[in-house]
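One structure is given here, and the rest of the page talks about it.
Values in this text are rule-based calculations from the coordinates and carry no lab data. Quantities reported herein were computed from a predicted structural model and do not represent experimental measurements. Backbone-built Cβ (ideal geometry, glycine too); neighbour counts: all protein chains shown.
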Number of protein chains: 2
Amino acid sequence: MRLAELGEFGFIEKIARLVGAPQAPVVVGIGDDAAVLKLTGDGYLLLTTDVLVEDVHFRRQWLSPEQIGTRAAGMALSDIAAMGGRPIAAFVSVGLPPTLEVEPAEELMAGLSRTATQYGAVLAGGDTTASSQGIFVDVVILGTTHQPWLRNGAQPGDILMVTGSLGEAGAALALLQAGQVTDASALPEALAKRFANPTPRLAVAEALAARNMVKAAIDISDGLVQDAGHLSQRSGVSITIESARVPISPICRQTAQQLAQDPVQWALTSGEEYELLLAISPEMAEQASQVVTANGEIALTEIGYVTEGERVVVLDESGKPMDVTLGGWDHFGQDPLCGGES
Amino acid sequence: MRLAELGEFGFIEKIARLVGAPQAPVVVGIGDDAAVLKLTGDGYLLLTTDVLVEDVHFRRQWLSPEQIGTRAAGMALSDIAAMGGRPIAAFVSVGLPPTLEVEPAEELMAGLSRTATQYGAVLAGGDTTASSQGIFVDVVILGTTHQPWLRNGAQPGDILMVTGSLGEAGAALALLQAGQVTDASALPEALAKRFANPTPRLAVAEALAARNMVKAAIDISDGLVQDAGHLSQRSGVSITIESARVPISPICRQTAQQLAQDPVQWALTSGEEYELLLAISPEMAEQASQVVTANGEIALTEIGYVTEGERVVVLDESGKPMDVTLGGWDHFGQDPLCGGES
């Protein structure tokens with residue numbers, strides 16, 4: 001069997017079995033947004049690594065070198081937000097074609113360093129190497145937390161909430177793939193921001209972590225339904241998503257109309273959105289929502305609930321279960337960036 | 001200017017300038033074998049990342065998938081040894097062609113996990129992705145130490161010492177490049193071990209660190225003279241290497257004779273040897289040597305000394321300065337694996 005048939009998640013499961021249960025000082029190993037270690041002193045150490053590969057995760061025509069760096073940092077920082085953590089340092093391994101000009105290579109590193117520093121993670125090391133083909137960037141973020149948010153803490157009765165709005169990454173990708181715009185900078189502002197410079201929800205994480213309000217969390221990098229599936233599987237619960245409640249921005253709806261696409265489908269399945277999906281006790285939901293709103297420009301919206309079972313159900317606007325064609329991200333299988341080729 | 005002209009070290013310098021001085025909790029950032037962080041609690045946290053790229057650092061004809069994993073883990077662990085540290089956890093980001101069979105992919109991960117675990121670093125996370133071309137492996141090792149060995153601690157009057165022997169990695173590569181053997185497993189045993197499964201000198205590091213005997217250290221990954229150059233530059237001292245004292249194993253000499261090559265040249269310049277180069281006070285030298293010998297099968301040998309200045313001098317057997325053609329590793333410039341192409 002080839003990796004393309006097994007798929008990314010199947011392969012990760014094989015690795016997890018091979019490695020076995022975590023041993024001290026590792027508390028949580030493979031299978032969450034970041035690893036959790038318990039060293040001496042207070043709290044926990046978090047570590048996440050995130051790879052971006054040219055023509056798998058990005059195209060050089062669509063993103064400037066600086067945007068590649070910015071995006072790579074943002075996606076890795078988002079994993080620390082998903083653990084309720086605070087970033088403290090960044091490291092980057094880059095593979096670059098030796099024929100690449102020095103200037104774009106520096107711009108990539110500058111975008112990465114600036115974004116990481118902006119969120120408190122100063123660039124502290126890494127590795128540089130020639131790549132025989134395209135660019136790849138592997139970002140490591142080290143973080144800390146007093147109490148990590150895991151994927152396995154959701155319980156029946158919990159409310160499912162999401163930060164910000166969903167579907168903009170899908171809208172941006174659709175415009176680029178349709179050739180309606182030539183690169184990220186030509187996208188409508190909100191879509192350009194989401195695609196090239198996504199905001200890791202670290203401020204939200206900090207505000208909610210301080211109040212101990214979150215029972216389980218994941219960031220939406222594979223697509224809402226797929227990431228809800230990860231929560232469901234790890235927590236051993238069923239999750240119901242009420243699609244009509246999923247927040248979708250005006251520009252996302254407008255883009256969908258322009259391309260005759262369904263914005264709800266984007267919101268349910270598009271990856272790389274980098275919002276947080278949270279399981280919260282119902283009695284905490286309103287307070288959590290207020291904390292997030294008070295904290296900045298985005299909202300925290302209730303979009304579903306947790307029940308007994310082990311599956312994800314998506315309800316349409318009339319409350320009937322609907323079929324969702326899982327796009328999402330499987331890096332060995334389908335590849336949404338390259339239009340399904342593998 | 002292209003990266004190939006600037007070279008790996010020129011590019012790293014540019015990144016270091018861009019990032020600026022380390023800020024808490026980072027104590028040592030870009031430019032040593034690993035980054036050093038001071039968190040709460042005793043001691044320091046170490047973090048290193050090391051990338052292996054197919055056809056830059058290895059060829060799939062020469063190494064089995066398991067050996068690729070083993071070698072990747074060994075080279076990253078060696079950086080922790082070079083800091084006088086103890087590994088506590090490993091993380092790996094891999095890029096794999098989707099057309100690759102699952103079995104070799106698993107073998108690669110198994111080799112990596114087994115090697116890391118053997119030295120105390122359980123595999124705790126990472127990322128997996130499709131690669132549009134060959135395999136790449138980025139290994140992150142987290143370690144701890146009570147007092148990090150830095151590159152900048154060498155002082156005039158210090159003795160320069162090296163663990164084990166040098167040149168075997170050069171001998172292995174020469175046999176493979178000459179087509180004398182078809183893959184690493186067909187190499188003489190000691191060369192196969194060095195090439196496919198190098199021993200990170202963690203036991204030596206632990207023994208010497210406990211006795212506070214080392215003033216500066218680096219592992220030999222770029223080549224002895226080049227790595228001595230890194231020590232020299234960071235410490236602001238001159239280093240003299242007495243080439244006749246550099247330990248060379250019988251199998252290395254025998255291979256050199258077979259290929260009509262100079263084993264001293266290999267010992268001085270070949271990368272990926274993964275021995276430790278240490279600056280030690282002269283009054284400590286004998287005791288350090290005894291500690292290492294008592295600890296295992298390898299020796300610690302005096303090969304030179306530190307003086308005022310800022311350069312590296314290599315003396316031939318008659319004590320005259322000699323010219324050394326710097327092979328070594330510059331991952332953007334020359335590429336010893338691919339015979340100098342870039």
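How many angstrom separate the Cα center of region A:25-104 from the Cα center of region B:133-164?
23 Å
Does anything in region B:22-66 have its amide N under 15 Å from the 7 Å Cα→Cβ label point of B:Glu101, and if so which residues?
B:61, B:64-66
Going by amide H atoms built from the backbone, whose H comes under 5 Å of the H on B:Ser238, apart from near neighbours?
Here the answer is B:Thr307, B:Glu308, B:Gly309, B:Glu310, B:Arg311, since their amide H atoms fall under 5 Å of that of B:Ser238.
For a footprinting-style exposure proxy, rank A:Ser270, B:Ser249 by other Cβ within 10 Å, fewest first. Kindly include the intermediate steps, with their values, before the conclusion.
Numbers: A:Ser270 27, B:Ser249 19.
Arranged by neighbour count, lowest to highest, A:Ser270, B:Ser249 become B:Ser249, A:Ser270.
Which cross-chain or sequence-distant (5 or more) residues have an amide H under 5 Å from the amide H of A:Trp149, H modelled 1.01 Å from N in plane?
A:Gly84
For the protein assembly as shown, what proportion of DSSP beta bridges, expressed in % and rounded to the nearest 5, is antiparallel?
On the way: 86 of 112 bridges.
In the protein assembly as shown, approximately 75 percent of DSSP beta bridges are antiparallel ones.
Multiply the residue gap between B:Glu317 and B:Thr293 by 0.36 nm, knock off their C-alpha separation, and tell me the result in nm, one decimal place. Spell out each step's value before the answer.
Details: separation 24, 0.36 × 24 = 8.64 nm, distance 2.57 nm.
Gain in length upon complete extension: 6.1 nm.
Report ³J(HN,Hα) in whole Hz for each residue of region B:42-50, in order, from the Karplus equation J = 6.51 cos²θ - 1.76 cosθ + 1.60 where θ = phi - 60°; Gly and Pro get x.
6, x, 10, 9, 10, 9, 10, 10, 9
Of the beta bridges DSSP finds with both residues in region B:32-145, what % are antiparallel, to the nearest 5? It would help to have the intermediate numbers written out before the result.
Numbers: 22 of 31 bridges.
Beta bridges within region B:32-145, antiparallel portion: roughly 70 percent.
Just for chain B, what percent of DSSP beta bridges are antiparallel, to the closest 5? Could you put the intermediate results ahead of the total?
Working: 42 of 55 bridges.
Around 75 percent antiparallel, to the nearest 5.
Considering Cα pairs under 8 angstrom that are at least six residues apart, work out the relative contact order of region A:66-200 and quote it in whole percent.
On the way: 204 pairs, mean separation 46.5, N = 135.
About 34 percent, as a whole number.
Would you work out if chain B is rounded, prolate or oblate? Take a ≥ b ≥ c from the square roots of the eigenvalues of the alpha-carbon gyration tensor; rounded if a/c is under 1.5, else prolate when a/b is larger than b/c, oblate otherwise.
Values: a/c = 1.42, a/b = 1.13, b/c = 1.26.
Cα axes put chain B in the rounded bin.
Per residue and in Å³, how big is the convex hull formed by the alpha-carbon atoms of the protein assembly as shown? Before the final figure, lay out the partial values.
On the way: hull volume 97.1 nm³, N = 684.
Looking at the protein assembly as shown, the number lands at 142 Å³ per residue.
Report, for B:Gln155, each distance to the same residue's label point in the other copies, shortest first and in nm; define the point 7 Å along Cα→Cβ.
Taking the point 7 Å beyond Cα along Cα→Cβ, the inter-copy spacings are 6.0 nm.
Amide H to amide H, which residues 5 or more places from A:Ala299 or on other chains are under 5 Å from it, using H placed in the peptide plane?
Correct list: A:Gly164.
Could you tell me which residue out of B:Leu231, B:Leu160, B:Pro200 lies farthest along the dipole of region B:159-332 toward its positive end? Charges go on the beta carbon: Lys and Arg +1, Asp and Glu -1, centred on the Cα centre.
After comparing all options, I get B:Pro200.
Compute the label-point distances linking A:Ala24 to its equivalents in the other copies; points lie 7 Å from Cα along Cα→Cβ; give nm, one decimal, shortest first.
2.9
Please state the shape class of region B:113-261: rounded when a/c is under 1.5, otherwise prolate if a/b exceeds b/c and oblate if not, all from the C-alpha gyration tensor.
Details: a/c = 1.86, a/b = 1.10, b/c = 1.68.
Here region B:113-261 falls in the oblate category.
Which aspartates and glutamates, on any chain, are close to A:Lys215 with Cα under 13 Å apart, when same-chain ones fewer than 8 places away are left out?
Hits, sequence-local ones excluded: A:Asp158, A:Glu283.
Could you give me the percent of Cα pairs per 10 Å distance bin for region B:203-250, shortest bin first, beginning at zero and ending with the bin that holds the maximum distance?
Bins of 10 Å from zero give 21, 43, 35, 1 percent of pairs.
Only four residue types carry charge here, +1 at the Cβ of Lys and Arg and -1 at the Cβ of Asp and Glu. Report the dipole size of region A:32-145 about the Cα centre in Debye, rounded to the nearest 20. Intermediate values should be presented prior to the final figure.
Working: 6 positive and 14 negative charges, 49 e Å.
Charge dipole of region A:32-145: 240 debye, to the nearest 20.
Taking the label point as lying 7 angstrom from Cα along the Cα-to-Cβ axis, what are the distances from B:Arg114 to the corresponding position in the remaining copies, in ascending order and in nanometres?
Once sorted, the set of distances for B:Arg114 reads 4.7 nm.
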